Amino acid sequence: MITATGSTGCGTWAGRPARSRSEANVRAEGHPGPGAGTLLSLLIEVLPSGCERPPPKIARGASQPATGTRASATAQVFTPDGSAPLAGLAVGPVTQFAQSCSRCHGAQGALYGPTFAALDEAALAAKVREMMEHNAQLRPTAGDLAAMVAHHRALQRRRPFVCVTNGAAYASGREAVLRGEFANAERLTVEADGEALPVTVQGAQFKIAVGSGRGVMVRAESATAAITLEFPRQQWTD
């Protein structure tokens, strides 16, 4: 006679002994099996006692509430006037556009037509959400969406764009290097408290060793336009 055993994570349980071959043959020939009460007894014997059911699986990308020390490390950080939260962008909008959008819409949105240029703010935000969630099959956060809408606003107007990607981590003092992206610009200059700072540029990304907590002005210039980001008052240019 064989006895099945296994582990539930809360101890070892012993199941009901397996039925003999003769018992299985009797049931196959049409003899009635156990009644509802016997089946319930079987379930009670097999299910381990003293254990809770395992928690449901969380869909990939879904957030879970932070607890303990993790909660303080991920607390929201806001702009100085408290009007908007500073986001931590895993992938900035310029890089995300190049990876997920440019194959259809061209580099820097070169293939967008007059209909795109005529979209108002609400229509632009709705279109960007649709493209990110459905066309590109992304799962953007609120910060991802806001940054991408701002990037598309710059594409509409054919002007430079600047975005800080580690805004929350820098403003809270967890990081001393300010990181970001820029687009449609040939020149990038940085200033903090009236002092010009060196900036390292690689492709569309930049980093500035500022020292945590300092306000920074990042100026991006093209041949026809210029724009200045005042961080932390704003995380990306309007």
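Residue separation of residue 134 and residue 226 scaled by 0.36 nm, minus their Cα-Cα distance, works out to 29.8 nm of gained length.
The distance separating the Cα centre of the range 69-140 from that of the range 209-235 comes to 19 Å. Label-to-label distance for residue 141 and residue 115 is 3.3 nm, based on points extended 7 Å past Cα in the beta-carbon direction.
For the peptides 139-146, 176-183, 199-206, 164-171, the ranking by packing is 164-171, 176-183, 139-146, 199-206, with the highest mean count of neighbouring Cβ atoms within 10 Å listed first. Over all orientations, the range 87-231 has a Cα convex hull whose mean projected area works out to 8.6 square nanometres.
Ranked highest first by average number of other Cβ atoms within 10 Å, how do 94-105, 117-128 line up? All intermediate terms of the calculation are to be shown ahead of the outcome.
Working: 94-105: 18.0, 117-128: 13.4.
Highest mean packing first, the order is 94-105, 117-128.
Considering only alpha-carbon pairs that sit under 8 angstrom and 6 or more positions apart, the relative contact order computed for the range 87-231 is 22 percent.
Every number in this text was worked out from the coordinates using simple rules, so none of it is lab data. Just so we're clear, the structure is a prediction, and the values are computed from it rather than from any experiment. Don't worry about glycine lacking a Cβ; one is built from the backbone with ideal geometry, like all the others, and counts go over all protein chains shown.
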